[in-house]
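Down below is the structure, laid out as structure tokens.
The values are calculated or read from the model by the stated rules, or taken from the named source; none is laboratory data. Everything quoted here is computed from the prediction, not taken from an experiment. Every residue, glycine as well, gets a Cβ built from its backbone with ideal geometry; the counts of neighbours run over all protein chains shown.
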Amino acid sequence: MTDPTTGKAPQTTPFRTFSVDGESRTDTTHRVQIVESITPIAGRSFIDIGACDGYEARALAVRGASRVVALEGKQVHWEQAVRAAEALGIPNHQAILGDLREIERYDLGSFDCVCCFGVLYHMSNPFNVLKRLAHVTEDLLLLETHIAPEPWTEAELLPKHQGALLHGTRTLYLDGARFEGRICIHRGEHAVSKGSLDENWTFWLTASSLAKALTRAGFSILEWHHELDAQTPDTIDKRGRELGLGYANTKILVVAKIDPARRQPITPGTVSSDAAGTMPPRIQETLLDRLYFNAARVRRRLRL
Ligand SMILES: C[S@@+](CC[C@H](N)C(=O)[O-])C[C@H]1O[C@@H](n2cnc3c(N)ncnc32)[C@H](O)[C@@H]1O
């Protein structure tokens, strides 16, 4: 991931510097202003899911959250989060090394606000993950993720997605329920990448399937920002553009509220090609996919 303000790779120091309104800041981020426009931060508890080096969690802690947990699955990023939090001296902050796909194992309790930024699309079973997140959400889920692009937006995709997303919308059964989406192939080295912990492919739900997954997991959708249009509040529009929310690159931001009575039981996730759960999904790159992948690689090299 690059710093959205500079387009460069993040610093190797434990802190990230963000240019927010022309000022270099390490205590706030572009997303904090989005979070603030949706919910107060001071006095509320937050968990940052897939926190990476924890910059978002630190910014929330510095802004007076009652408790912030940064949950990260990779040692290398988690260590950075721990070091940076120690250097800042923030007692309301805790960095946990753990797999979000089994979040209940860590006995973290529940949080006023669950922040799930840039990680749901790294899951092969996003429905199962949302069901689990419902159990740690007291009030709000803020979800930023990719959705499967409509076929007609193919040409607008970022080159990195053109190579990674397999052609065509697929139907998969997640925990026995039918969902539509696109398969994304993960080629990086798991241990050090900012991608999936160990999955070689993941499932990007279509917009309607994501809405179905959220609703069935027990959430009600309060806000949905995709195309940043006249209806999008100013803060989200401004910061969202800096963060790359918007149609061409397939990102969305959803605000959802939990209905505790609709939480689903936590079960091991299943992913299959049939409702009975007996046929494993067939993940196969076609010639066309290889062609897209190689073309995207060449374009990246030539910086086209
Ligand atoms: C693309 S980064 C997003 C980081 C940050 N939330 C942001 O939006 O800038 C995804 C992060 O999720 C972590 N991650 C991926 N799968 C995970 C899992 N199963 N459990 C915990 N963390 C995971 C990755 O290691 C990575 O740090």
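A few comments on the model shown:
- Selection of region 138-177 for residues being within 16 Å of the ligand (Cβ to nearest atom) and within 23 Å of D259 (Cα to Cα) yields L141, L142, L143, E144, T145, L174.
- Whether a residue is part of a helix (DSSP H, G or I), free of Cβ contacts under 8 Å to residues at least 60 places away in the same chain, touching a helix residue (DSSP H, G or I) at 6+ places or on another chain (Cβ under 9 Å) and more than 26 Å from H77 (Cα to Cα) was assessed, and T215 passes this test.
- Tally, over region 134-163, of residues that are farther than 19 Å from L120 by Cβ and of a type in the set (S, T, N, Q): 2
- Here G240 meets the list (1) farther than 19 Å from A207 by Cα; (2) touching a Lys or Arg at 6+ places or on another chain (Cβ under 9 Å); (3) at pLDDT 90 or above almost entirely, failing just condition (1).
- Single unsatisfied condition, W204 versus (1) in contact with a His (Cβ under 8 Å, 6 or more places away or on another chain); (2) in a loop (DSSP other than H, G, I, E, B); (3) within 16 Å of the ligand (Cβ to nearest atom): (2)
- Among the candidates A95, A70, A85, the residue that is under 20 Å from L140 (Cβ atoms), crowded, with 21+ Cβ neighbours inside 10 Å and within 16 Å of the ligand (Cβ to nearest atom) is uniquely A70.
- Scan of region 285-303 for residues that are part of a loop (DSSP other than H, G, I, E, B) and in contact (Cβ under 8 Å) with a residue 60 or more places away in the chain, ordered by number: E285, T286
- Among the residues of region 168-191, those that are at positive phi and touching a residue at least 60 places away in the same chain (Cβ under 8 Å) comprise D175, G176.
- Boolean, G218 is touching a Lys or Arg at 6+ places or on another chain (Cβ under 7 Å) and over 15 Å from N125 (Cα atoms): yes
- Extreme residue, modelled with the highest pLDDT, among residues of region 1-49 that are among the acidic types (D, E) and under 18 Å from the mean Cα position of the chain (by Cα): D48
- Selection status of T278, of a type in the set (S, T, N, Q) and surrounded by 11 or more Cβ atoms within 10 Å (Cβ to Cβ): no
- Residue, nearest to L205 (Cα to Cα), within region 111-137, restricted to residues that are within 15 Å of the ligand (Cβ to nearest atom) and of a type in the set (S, T, Y): Y121
- Across region 54-64, the number of residues qualifying as in contact with a strand residue (DSSP E or B) (Cβ under 9 Å, 6 or more places away or on another chain) and either over 12 Å from C113 (Cβ atoms) or away from the ligand (no atom under 16 Å from the Cβ) (or both) comes to 6.
- The requirement of being modelled with pLDDT of 95 or more, β-branched (V, I, T), more than 16 Å from the chain's Cα centre (by Cα) and within 12 Å of the ligand (Cβ to nearest atom) is fulfilled nowhere in region 101-110; no residue meets it.
- Some residue of region 42-53 being away from the ligand (no atom under 12 Å from the Cβ), in contact with a strand residue (DSSP E or B) (Cβ under 7 Å, 6 or more places away or on another chain) and free of Cβ contacts under 8 Å to residues at least 40 places away in the same chain: no
- Selected residue [within 21 Å of the chain's Cα centre (by Cα), within 25 Å of W224 (Cβ to Cβ) and either modelled with pLDDT of 95 or more or not hydrophobic (A, V, I, L, M, F, W, C) (or both)] from E72, E56: E56
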